[in-house]
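> To start, I am sharing the structure in question, which I have written as structure tokens.
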Amino acid sequence: MSIWTALRRIFAEHFLYHMAIPLFIGALVEVYRVTTIEERTVHVAVEGLLNLAHIVPIAVVVVTYFVVMLFIVTHDTAPPFETANYSIVDQQLQHATRYFAFCGIPFREWFGPGPFKYFALLAAKKHHCTTSFRYDRVIVFATNRQKLNAESTILDRYHAESLATAHKELDIPMGWLGPKELRQAAHSCKKPERLKLQRIPRALSWLPVRLLSMRLWPLQLDFAVIEHEGSTKRIVLIVPFKKAETIVLKDDDASPYLTLADAIEQIVFEKGKVRKDHNFLALLGPD
């Protein structure tokens, strides 16, 4: 199928529901207004619709719609992830004994091509690994709104339940962390470490604490800590959910993330298992 055939199909589908039907209903309302309120004939109402004063604004709207749709289609048909990123992840998983991941992306995004392929890579590693391999995940809610979205059936609940079920069926522990506990964990980091986690330029480090808050400068939460067999050093992987470049951090560069990960683990886990009050499936509970 050529790109132009695909574009025509996408445009035709969206144009019907997002442009043609609204314009048709708008025309019916205008005819009703003219014939009922102004008590004129249908012929006069139709002539009014075909008047240049009506046609020009509608034409501008239609042209603008096609321009916007062109941008949307171009974005949606672009490759959603960089294949090379996953080769780097796969390489880092070689001889790994633990993958401790943190996630702050919306649940709906988990079912896109990029995140799904990433999850499949980890699941395959856990399934086929002949040695001990531990895969843990913590869902981090940076705000109360994100937590409420996950619990609401009209927003993200079904996607959250599907993700949790997939982890449960594969025997992958899945915990969660609330915004208050996130701040608690972040405060365990020294100021220079927090600035790195918030990706605040060093030139702005002199700003008052109020202007350096996590609401204005959110923490980098989509990362994983990897432990390797025969090595006491842990590395940090900035997870490539979309097109972002995979970043592998070691030694001092990884230190802020390791401090945050250790603080979160103390809150969410107990003796290597997820605490009952931080189990993600228990959070969702019955609908």
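The values are calculated or read from the model by the stated rules, or taken from the named source; none is laboratory data. Being a predicted model, the structure only gives us computed values, none of them experimental. We place every Cβ from the backbone using ideal geometry, glycine too, and count neighbours over all the protein chains shown. Protein only, heavy atoms only, side chains kept; ligands, DNA and RNA dropped before computing areas. Shrake-Rupley method; radii C 1.70, N 1.55, O 1.52, S 1.80 Å.
> Pop the C-beta distance of Val248 and Arg108 into the FRET formula with R0 = 45 Å and round what comes out to the nearest 0.05.
0.95
> Considering only protein heavy atoms, what per residue accessible area in square angstrom results for the stretch 13-65 with a 1.4 angstrom probe?
Normalised by residue count, the accessible surface of the stretch 13-65 is 75 Å².
> Could you pull the Rg and Dmax for the stretch 138-218, using just the Cα atoms, both in Å?
16.0, 48
> Can you work out D for the chain in µm² s⁻¹ from Stokes-Einstein, where Rh is the Kirkwood radius over C-alpha pairs, the temperature is 10 °C and the viscosity is 1.306 mPa s?
So the translational diffusion coefficient is about 70 µm²/s.
> For the stretch 159-287, take the alpha-carbon Rg, divide it by the Kirkwood Rh, and send me Rg/Rh.
My calculation of the ratio gives 0.99.
> My understanding is that a pair violates if its Cα-Cα distance is over 30 Å; which of Lys117/Lys190; Lys117/Lys250; Lys125/Lys276; Lys180/Lys273 do that in this structure?
Those over the limit are Lys117/Lys190.
> List the residue ranges in the chain for DSSP H helices whose C-alpha atoms run 24 angstrom or more along the long axis and whose Kyte-Doolittle average is 0.5 or above.
52-76
> Relative contact order of the stretch 49-194, please, whole-number percent, based on alpha carbon pairs below 8 angstrom and at least 6 residues apart.
For the stretch 49-194, the relative contact order is 22 percent.
> Could you list which residues have their amide H under 5 Å from that of Val138, counting only those 5 or more apart in sequence or on another chain, with H placed in the peptide plane?
Ala101, Phe102, Cys103, Gly175
> Related question: With a 1.4 Å probe and all protein chains left in place, how much of the accessible area of the chain comes from carbon and sulfur atoms, in whole percent?
Ligands and nucleic acids excluded, carbon and sulfur reach 61 percent.
> Continuing with the same structure: Evaluate the relative contact order of the chain (contact order divided by residue number), counting alpha-carbon pairs under 8 angstrom at least 6 apart; express in whole percent.
Taking the mean separation of contacting Cα pairs over the length of the chain, I get 20 percent.
> Among the aspartates and glutamates, which fall within straight-line cross-link reach of Lys233, defined as a Cα-Cα distance under 12 Å, with same-chain neighbours fewer than 8 residues apart omitted?
Cross-link targets: Asp251, Asp252.
> For the stretch 172-287, calculate the relative contact order in percent as a whole number, restricting contacts to Cα pairs under 8 Å that are 6 or more residues apart.
33
> Could you give the spread of the C-alpha atoms of the stretch 118-176 along their three principal axes, from largest to smallest, in whole angstroms?
41, 19, 17
> What residues qualify as long-range amide H neighbours of Arg98, i.e. H under 5 Å apart, gap of 5 or more or another chain, H built at 1.01 Å from N?
Arg134, Glu227
> At 1.4 Å probe radius, can you tell me the per residue accessible area of the stretch 104-240 in Å²?
It amounts to 56 Å² per residue over the stretch 104-240.
> Can I ask one more? Quick one: net charge of Cys189's neighbours, Cβ under 15 Å, K/R +1, D/E -1?
After counting each charged neighbour, the total is 0.
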